[in-house]
Amino acid sequence: MAWLHPAVGIAATILVVWMALSGLDGRRQTRQGLAARRRHRRYTPVAASLAVLAAILGTASVVWLREDMEPARTWHFRTGWLCAAFAGAAWLSSRGIHRSPTARALHPWLGIGLLAAAVASALLGIEHLP
Ligand code: HEM
Ligand code: HEM
């Protein structure tokens, strides 16, 4: 069962990378840009939800399954919850993207924060594999 979290974490990271690319691609005013925007709208909520789920599962896994680990002692813990926080902030800012210039300016940076935290978590997670 301790493998469940790493599996969800890898899926979340892959989806976040793909979604970050679609978000940046979506800025182009072309037919491909439009398709990328549609992809971004449809799948980013899945990516953000998986990132939050990964943080919850990882913490639960350390508390209940990993007798060799103490909770909240690792850099992976910090980057993991940072990732969940960026996912929430990116989602919140996306809701105002068509109304507020501030949300529009902020959103891609929150997205880049999510991307960086997810990639860092995936790399730091390797050290803790069971
Ligand atoms: C993974 C990192 C992410 C990056 C780099 C990113 C980047 C972007 C960029 C550059 C745009 C276009 C902004 C503009 O029109 O000027 C955008 C739009 C948008 N993003 Fe993200 N984003 C990310 C994550 C997310 C997440 C987690 C959500 C929601 C859960 C989300 C939802 C949206 C929505 C709804 C739009 C508006 C699309 C439209 O124009 O119809 N994004 N994003
Ligand atoms: C979005 C991606 C990820 C997030 C948000 C995340 C988050 C977390 C958190 C918060 C913990 C608890 C750490 C502690 O209490 O010290 C944890 C544990 C752990 N993480 Fe991740 N993680 C992610 C991806 C990964 C990946 C890709 C791997 C594997 C390469 C991984 C491997 C682990 C392992 C082995 C543990 C210990 C618990 C267990 O064995 O299931 N994580 N993670």
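Coordinate-derived values only; no laboratory data. Nothing here was measured: the structure is a model prediction, and the numbers come from that model. FYI the Cβ positions are ideal-geometry reconstructions off the backbone, even for glycines, and counts take in every protein chain you see.
Here the chain is treated with +1 on each Lys and Arg Cβ and -1 on each Asp and Glu Cβ, and its dipole about the Cα centre works out to around 1060 debye. Treating each Cα of region 4-128 as an identical point scatterer and summing with the Debye formula, the log10 of I(q)/I(0) at q = 0.18, 0.19, 0.20 Å⁻¹ comes to -0.87, -0.95, -1.02. Dividing the helix sum by the residues of the chain, where each DSSP H run of 4 or more adds -39500 (n - 2.57), gives a mean residue ellipticity at 222 nm of -27500 deg cm²/dmol.
When region 4-128 is described by a simple charge dipole with +1 on each Lys and Arg Cβ and -1 on each Asp and Glu Cβ, the residue from W81, I14, G26 located farthest towards its positive end is G26. Region 67-117 and region 7-49 have their alpha-carbon centroids 15 Å apart.
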